[in-house]
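To keep things clear, I will list the structure first and then write my remarks on it.
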2 protein chains.
Amino acid sequence: MQTLYVELGERRYPIFIGSDLNPQSLLAPYIHGQQVMIVSNETVAPLYLEHYQQSIQALGKTVATCILPDGEKYKNSEHLNLIFDALLQAGFNRDCTVLALGGGVIGDMAGFASACFQRGVYFIQVPTTLLSQVDSSVGGKTGINHPLGKNMIGAFQQPQVVLADMSQLDTLPDRELSAGLSEVIKYALLGDSDFLVWLEQNMDGLVQRDAHLLAEAVYRSCAHKARIVANDEKEQGERALLNLGHTFGHAIESYLGYGEWLHGEAVAVGMIMAADLSHRMGWLSADDVQRTKNIILRANLPAVCPKIPLDQFLSYMSHDKKVLNGQLRLVLMKQLGKAVITKEFDVELMKQAILANQR
Amino acid sequence: MQTLYVELGERRYPIFIGSDLNPQSLLAPYIHGQQVMIVSNETVAPLYLEHYQQSIQALGKTVATCILPDGEKYKNSEHLNLIFDALLQAGFNRDCTVLALGGGVIGDMAGFASACFQRGVYFIQVPTTLLSQVDSSVGGKTGINHPLGKNMIGAFQQPQVVLADMSQLDTLPDRELSAGLSEVIKYALLGDSDFLVWLEQNMDGLVQRDAHLLAEAVYRSCAHKARIVANDEKEQGERALLNLGHTFGHAIESYLGYGEWLHGEAVAVGMIMAADLSHRMGWLSADDVQRTKNIILRANLPAVCPKIPLDQFLSYMSHDKKVLNGQLRLVLMKQLGKAVITKEFDVELMKQAILANQR
């Protein structure tokens, strides 16, 4: 087992990364109060809920559960309210802990609920997908979607601890494993060309779910994100680099409807669009763009998105949170492994990059 | 005009207290971004919205508005969503300001919306009731009600600035003026016996809306709360003193249905119950209890609540946020002007204090 600390001063917390982790001993120091609400979904609960429930009950805690339907389309205020209902019906008070057992959607919703319930209770994350292990377990971003935009309503809420158990990835569908690898690739592209080389060497093993390689990929990804988040918790600056591929990706997800494409799939195409635009800006070579496409394809991810009318694509992009004073900022690459946030880009070239990577 | 600073380090902010304040000059330094959403209600908007809208437009800002129905019963997730809808329909981004123009309900909802919209935007408060001027304009507590409890969902969100304009109290109904005086009395009872004497000397003038006396009462109340909040922003300790009368009061409000009784009215009876229990515990004299009742009655507030079945009263009390590890904590008075938080009270005496102050 490896342990990585996210350095956030008073809100410093550990991420435990390994296989067959023991929740009882690892979580014990981090559960506050006597009441624990496990929030999970209908896919994950049958697989892992009982194990966590028993482990926490063995610590003498009261455990209640809230099982939501599985899917991004349920990440809305209606289903958020089900968590509040469960907390209040179980008589939970301010001194309780909410544990998210599931992927990014469950982490976002349980985390946001824990931030708002009684104006803030304690939060623990057990991410069960590769995507949530490398992405949402670091950074404290929680929230829900709104019909007019993704993640428009939320809070910064740091967990007490994160348990990333590679054994739980055994039950993950291939498509979701790939979606997680999309974010892993993102860390390499935005800030770590050595990691990109490592991924090019090990992508086949990762796709074949080698637990050792997966743990290493999760560790390196989380370490990367943890460093950025520690420097810029509230996304005033550097943290926005983590949105590489996301502004394009959000437009794809929004147009297709949340949940049709997985987040990581949309981000994969978004990263290619960002690489393509960076090339058109004269920053990346044609080879760099091809290398970006290759690693994405080797992770069994899509490299093009369906045809989306350009005006709608741009409209969705303009709803992105990275719009500042009405001005769109994009994360582009000066070179592979070195991303920058910029509002200095040619809109015509951006349109070309979008159109060039549609089916 | 008097200016009071709430000392919260980086989140330090001023409260401007006076009559006929000029929003354009006073708000100018505190509006962030180009977009301002004014959230108000159907009662306040016809009176003051145009004035604020024009003042802010004169600063070159884009102003959008969201007008909610008036009343505590609308302080729920459904109406909170109307604010998010308005923000997104108006195309607001992360760099915007939400201005609450109204009483406590509008402040709580607009504040909570500003805390959650895009994970946090800027917030300005223009409280238009005495209650919100002395209570919700200091402390950063925002939120909404849940069918199972008041203020169960929310966030700590500090404003950039508060404008407390006594001129706006001219249009306040008598009953709401009294409800505001209830919280003013609370500050005296919990921590300032000199202020209690001042109130006993000046209550008639306050009830007659003497602007000078009202400004003084608002200043002293806010100063008191600001000092406590600066010491204990997240209500780990001392801040809970501000809940004098509130645990009893919440039970009254919950049983009667939010909005039937005004918050300040319920708190008034709650403070009498707290004084009564403090007397039964041997801390206050019978005279002290009478003095508490007298100042409350002189503010035209109720001193007794309707008959409420004891088991239901207690059940609502146990849903209060001040329950810690399943144990109810109450704010009682060691003497007039000196409150304490305690879980050491006799439950039978508490029941007597509740029953003795019902109709």
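Here the dipole of region A:174-356 is about 260 debye; that uses its Cα centre as origin and unit charges on the Cβ of Lys and Arg (positive) and Asp and Glu (negative). For A:VAL134, A:VAL197, the sequence from fewest to most other C-beta atoms within 10 Å is A:VAL197, A:VAL134.
Per residue, chain B reaches -14000 deg cm²/dmol at 222 nm when only DSSP H runs of four or more residues are counted, each adding -39500 (n - 2.57). Computed on the Cα trace of region B:174-356, the radius of gyration divided by the Kirkwood hydrodynamic radius gives Rg/Rh = 0.94. Relative to the other identical copies, A:GLU238 shows label-point distances of 3.6 nm, where the label point lies 7 Å from Cα along the Cβ direction and values run shortest first.
Take each residue in B:84-93, count the other chain C-beta atoms within 10 Å of its C-beta, and the mean is 4. Ordered by the count of other Cβ atoms within 10 Å of each Cβ, fewest first, A:LEU332, A:LEU206 give A:LEU206, A:LEU332. Considering all different alpha carbon pairs of region A:39-150, the Kirkwood hydrodynamic radius works out to 14.0 Å.
Globularity index of chain A is 0.96 (Cα radius of gyration / 2.2 N^0.38 Å, N = number of residues). Amide H contacts of B:LEU172 (H built 1.01 Å from N, in plane; Pro and chain starts excluded): no residue 5 or more places away or on another chain comes under 5 Å. Close amide H contacts of B:ASP192 (hydrogens built in the peptide plane, cut-off under 5 Å, sequence separation of 5 or more or a different chain): B:GLY337.
Treating the angle as unsigned and between 0 and 90°, give the value, to the nearest 10°, between the Cα long axis of helix A:246-256 and the longest Cα principal axis of chain A. That works out to roughly 80 degrees.
From least to most packed, judged by other beta carbons within 10 angstrom and beginning with the fewest, B:MET273, A:MET166 follow the order A:MET166, B:MET273.
Within the set of other residues whose C-beta is less than 10 Å from the C-beta of A:ASP135, count the net charge using Lys and Arg as +1 and Asp and Glu as -1. Spell out each step's value before the answer.
Details: positive: A:LYS141, A:LYS186, A:LYS225; negative: A:GLU183.
Net of charged neighbours comes to +2.
Using Stokes-Einstein with the Kirkwood hydrodynamic radius over Cα pairs, what translational diffusion coefficient do you get for the protein assembly as shown at 20 °C and a viscosity of 1.002 mPa s, in µm²/s rounded to a whole number? In µm²/s, the coefficient is 79. In degrees, nearest 10, range 0 to 90: what is the angle between the Cα axis of helix B:286-298 and the longest Cα principal axis of chain B? Helix B:286-298 sits at roughly 40 degrees to that axis. Gain on full extension, evaluated as 0.36 nm per residue between A:ALA58 and A:GLN312 minus their Cα-Cα distance, stands at 86.2 nm. Between region B:1-38 and region B:219-282, what is the C-alpha centre distance in whole Å? Answer, in whole Å: 27.
When the charge dipole of chain A is built from unit charges on Cβ atoms (+1 for Lys and Arg, -1 for Asp and Glu) and taken about the Cα centre, the candidate among A:SER114, A:ALA155, A:GLN125 whose Cα reaches farthest toward its positive end is A:ALA155. Straight-line cross-link reach from A:LYS343 at under 25 Å between alpha-carbon atoms covers these lysines, not counting any fewer than eight positions away in the same chain: A:LYS141, A:LYS150, A:LYS186, A:LYS225, A:LYS234, A:LYS293, A:LYS321, A:LYS322, A:LYS334, A:LYS351, B:LYS61.
Across region A:347-359, computed HN-Hα scalar couplings (Karplus, 6.51 cos²θ - 1.76 cosθ + 1.60, θ = phi - 60°) run 4, 5, 5, 4, 4, 4, 5, 5, 5, 5, 10, 10, 6 Hz from first to last residue, x flagging Gly and Pro.
Values in this text are rule-based calculations from the coordinates and carry no lab data. What you are looking at is a predicted structure, and each value in this text was computed from that prediction instead of being measured. Counting neighbours? That spans all protein chains shown, and the Cβs are built from the backbone with ideal geometry, glycine included.
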